Amino acid sequence: MLENHEHNHPTHDFDGITENRENKPPVYFNILFYGLIIWGIIFMGYFLFSGWSSDAEFQQKMDQHQAQTSGK
């Protein structure tokens, strides 16, 4: 049934749910949406290729803490 349905008009009513394709989202929504995708890719790339690891950071902090406590 749905495979044969053609969308010739921008407003559709199906099972009491009305879909309106005339109203497009505001421009700032699209800018935020695609901006967050780009930011996420840059953020992920930075942490993947920078050599940062939480284990190395933890080990560095533990070494500093042990040096402070053993020096007292």
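Quick notes
- Model label sites at residue 19 and residue 36, defined 7 Å from Cα along the beta-carbon direction, differ in position by 2.2 nm.
- Restriction of the GluC sites (Glu not before Pro) in the range 12-69 to DSSP coil positions whose beta-carbon has at most 11 other beta-carbons within 10 angstrom yields 22.
None of the figures in this text is laboratory data; all of them are computed from the coordinates on show. It should be emphasised that the depicted structure is a prediction, and the values quoted were computed from it without experimental measurement. Heads up, the Cβs are rebuilt from the backbone with ideal geometry, glycines too, and the neighbour counts pull from every protein chain shown.
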